[in-house]
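Beneath this line is the structure, given in structure tokens, with notes to follow.
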Amino acid sequence: MAKKQFAIVGMGRFGSSVAKALTEMGYEVLAIDSSEERIQDVVGTVTHAVSADSTDEEALRALGVRNFDVVVVAIGQDIQASILTTIILKDLGVKSLIVKAQNELHGKVVSKIGADKVIYPERDMGLRLAHHLASPNILDYIELSDDYSIVEMKASEAMVGKSLKQLDIRAKYKCNVMAVKTGPEMNIAPYADDLIRRNDVLVIVGKNSDVRNLENAYSEG
């Protein structure tokens with residue numbers, strides 16, 4: 001089975017990091033940017049790199065972007081170019097179109113004109129940092145929806161030596177412990193009697209309000 005092919009439009013910090021990561025994972029990646037300088041920065045790290053104006057329908061058609069499995073529009077500050085590029089790519093028949101949005105309004109617009117998925121990297125990074133600053137035990141924070149999130153929480157001193165049953169996180173905070181990381185090992189089906197060790201990391205899912213209550217309860221630990 002052939003591996004997925006990706007086209008990334010916009011070689012700013014976000015677009016170039018996505019393009020490089022996908023290439024390192026063994027996928028074929030086409031990098032597109034109107035700046036020749038930015039293309040030169042990634043030419044040695046992606047499969048193909050082309051300087052082209054993504055608001056030019058004929059240029060994108062000539063590159064065959066409609067044949068790629070996924071196209072990511074990662075254009076930075078130029079919201080107008082992002083919107084126009086999204087319209088053109090949808091008209092060309094791109095199978096799966098992911099668009100990076102600067103803000104909620106930008107996201108709503110590209111959703112209405114055909115983006116299959118909208119991502120907010122700056123907002124999401126801000127959320128992760130805020131949660132880490134508020135509670136240093138929170139190593140990572142991923143918003144699943146408007147209502148639910150997953151957090152990676154380093155075991156506090158108050159947790160060490162106790163079992164999941166004793167902590168009773170589900171009953172007290174309405175959150176579920178999905179997994180426990182111990183060093184490089186991941187226990188994806190922890191038992192109620194499993195003891196939490198120092199430096200363990202708990203992977204927890206729950207409603208945002210419940211997750212915040214859990215964070216606050218252990219932020220002093």
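The values are calculated or read from the model by the stated rules, or taken from the named source; none is laboratory data. The shown structure was predicted, so the numbers you read here are calculated from the model rather than taken from an experiment. All Cβ positions, glycine included, derive from the backbone under ideal geometry; neighbour counts span all protein chains shown.
Out of curiosity, is E104 in contact (Cβ under 8 Å) with a residue 60 or more places away in the chain and under 29 Å from S82 (Cα atoms)? So E104 fails the test.
Rundown of residues vs (1) modelled with pLDDT under 95; (2) in contact with a Cys (Cβ under 9 Å, 6 or more places away or on another chain); (3) surrounded by 22 or more Cβ atoms within 10 Å (Cβ to Cβ); (4) not aromatic (F, W, Y), yes/no style:
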position	(1), (2), (3), (4)
D78	yes, no, no, yes
T86	no, no, yes, yes
K90	no, no, no, yes
E104	yes, no, no, yes
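Taken over the range 72-87, the criterion of being within 19 Å of H48 (Cβ to Cβ) and in contact with a Ser or Thr (Cβ under 7 Å, 6 or more places away or on another chain) is satisfied by V73, I75, T85. Residues of the range 173-220 that are farther than 19 Å from H131 by Cα, surrounded by fewer than 16 Cβ atoms within 10 Å (Cβ to Cβ) and touching a helix residue (DSSP H, G or I) at 6+ places or on another chain (Cβ under 8 Å): Y191, A192, D193. Annotation note: Cβ proximity below 7 Å between a residue of the range 117-139 that is in contact (Cβ under 8 Å) with a residue 12 or more places away in the chain and β-branched (V, I, T) and a residue that is part of a helix (DSSP H, G or I) and surrounded by 17 or more Cβ atoms within 10 Å (Cβ to Cβ) (sequence gap 6+ or interchain) occurs for V118/G107; V118/V110; I138/H131; I138/E215. One residue stands out among those in the range 93-117 that are assigned to a loop (DSSP other than H, G, I, E, B) and among the charged types (D, E, K, R): the one that is nearest to the chain's Cα centre (by Cα), which is D116. For the range 162-172, a tally of residues being within 20 Å of Y148 (Cβ to Cβ) and exposed (fewer than 14 other Cβ atoms within 10 Å of the Cβ) returns 2. Within the range 118-138, the residues that satisfy the criterion of being within 16 Å of G76 (Cα to Cα) and either outside any loop (DSSP other than H, G, I, E, B) or at pLDDT below 85 (or both) are V118, I119, P121, E122, R123, D124, M125. Among the residues of the range 34-81, those that are under 15 Å from K100 (Cα atoms) and free of Cβ contacts under 8 Å to residues at least 60 places away in the same chain comprise S54, Q77, D78, I79, Q80, A81. Identification of strands (runs of 3 or more DSSP E) wholly contained in the range 139-193 with 1 or more residues that are under 21 Å from L127 (Cα atoms) yields 148-154, 176-182. If the condition is being out of contact with any strand residue (DSSP E or B) (no Cβ under 7 Å at 6 or more places or on another chain) and under 18 Å from Y148 (Cβ atoms), then the range 174-213 contributes S209, D210, R212, N213. For the criterion of being more than 25 Å from the chain's Cα centre (by Cα) and hydrophobic (A, V, I, L, M, F, W, C), A21 fails.
Beta carbons closer than 6 Å, at least 6 apart along the sequence or on distinct chains, pair a first residue in the range 1-23 that is modelled with pLDDT of 90 or more with a second that is among the aromatic types (F, W, Y) and surrounded by fewer than 23 Cβ atoms within 10 Å (Cβ to Cβ) for Q5/F68; F6/Y27; A7/F68.
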